[in-house]
1. Are any residues in region 76-86 buried (at least 19 other Cβ atoms within 10 Å of the Cβ) and modelled with pLDDT under 95, and if so, which ones?
2. Name the residue, out of 215, 195, that is surrounded by 16 or more Cβ atoms within 10 Å (Cβ to Cβ) and either modelled with pLDDT of 95 or more or closer than 21 Å to residue 153 by Cα (or both).
3. Taking the conditions exactly as written (assigned to a helix (DSSP H, G or I), modelled with pLDDT of 95 or more and out of contact with any helix residue (DSSP H, G or I) (no Cβ under 9 Å at 6 or more places or on another chain)), does residue 97 satisfy them or not?
4. For residue 278, indicate whether it is on the phi < 0 side of the Ramachandran plot and not assigned by TED's automatic domain parsing to the domain that holds residue 160.
5. Limited to region 166-183, what total is found for residues that are in contact with a helix residue (DSSP H, G or I) (Cβ under 8 Å, 6 or more places away or on another chain) and within 19 Å of residue 148 (Cα to Cα)?
6. If I filter region 226-258 down to residues being in a helix (DSSP H, G or I) and touching a strand residue (DSSP E or B) at 6+ places or on another chain (Cβ under 6 Å), which single residue comes out as nearest to residue 159 (Cα to Cα)?
7. Search region 135-158 for residues that are on the phi > 0 side of the Ramachandran plot and pair each with any residue that is surrounded by 14 or more Cβ atoms within 10 Å (Cβ to Cβ) and in a strand (DSSP E or B) when their beta-carbon atoms are under 6 Å apart and the residues are at least 6 apart or on different chains.
8. Among (1) out of contact with any helix residue (DSSP H, G or I) (no Cβ under 6 Å at 6 or more places or on another chain); (2) buried (at least 19 other Cβ atoms within 10 Å of the Cβ); (3) farther than 24 Å from residue 155 by Cβ, there is one condition residue 269 misses while meeting the rest; what is its number?
């Protein structure tokens, strides 16, 4: 059935404007720590207090990659960043077209494609977990639980995971404290078993890092968390658009679709890493 709570308004963003919703909503995450700079053919995000954070220091080109444009892109990146000192280059572009990234791949870049999902109509999914309470994370105790929930067992980088997570959680808290959105938790009693963020800019809400603790998979946690947090933002009338991104093979994407999200475009990004960040 279609849930009528907080009916979704027509977006301020006309589909004729050809705005890439995935790229634009990703900028929601940089409203407290990062700065976005505009150039003629590209933009870039810089997070001065986290110079080694891939997705805090990246470049957004207006057009997809090409063989002829390879050196130009690398030169422009190094004009704004020091890739040798950072040990990485992260690039994305504002359209669904993959372009021709072959020269980047030959150089050692890894490419990831994600599907951008846009909420059409909120639908109450089957198999909600009736024992789960979905609420905003506020106490220090619950924020500390977030780090445990998001811990990755097979962390692939030399970068210290605990320090990385502490920085992420600090950003989450600042976004919430300054009114740019909320971090929601799924709780069984006092235990946090899943969390996600919804961060908002220009009435576009973007979901961030949907996690379910590995001990609680296949228990309806994810769908209960997404549905419950979405209802809360709609009830507060904070956004007209709701955007998610998921890899093409990501299982949770099917859950998002059952709640009313539809694929509207693709998003591509490429990262090159030096050996300083790769775990052997």
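The values are calculated or read from the model by the stated rules, or taken from the named source; none is laboratory data. As the structure is a prediction and not an experimental result, all values here were calculated from the model. Heads up, the Cβs are rebuilt from the backbone with ideal geometry, glycines too, and the neighbour counts pull from every protein chain shown.
1. Scanning region 76-86 gives a single hit, 86.
2. On the way: 215 fails: surrounded by 16 or more Cβ atoms within 10 Å (Cβ to Cβ).
Unique residue meeting the criteria: 195.
3. The answer is no for residue 97.
4. yes
5. Going through region 166-183 one residue at a time, the tally reaches 8.
6. 253
7. Pairs that qualify, where the first residue is on the phi > 0 side of the Ramachandran plot and the partner is surrounded by 14 or more Cβ atoms within 10 Å (Cβ to Cβ) and in a strand (DSSP E or B): there are none.
8. (3)
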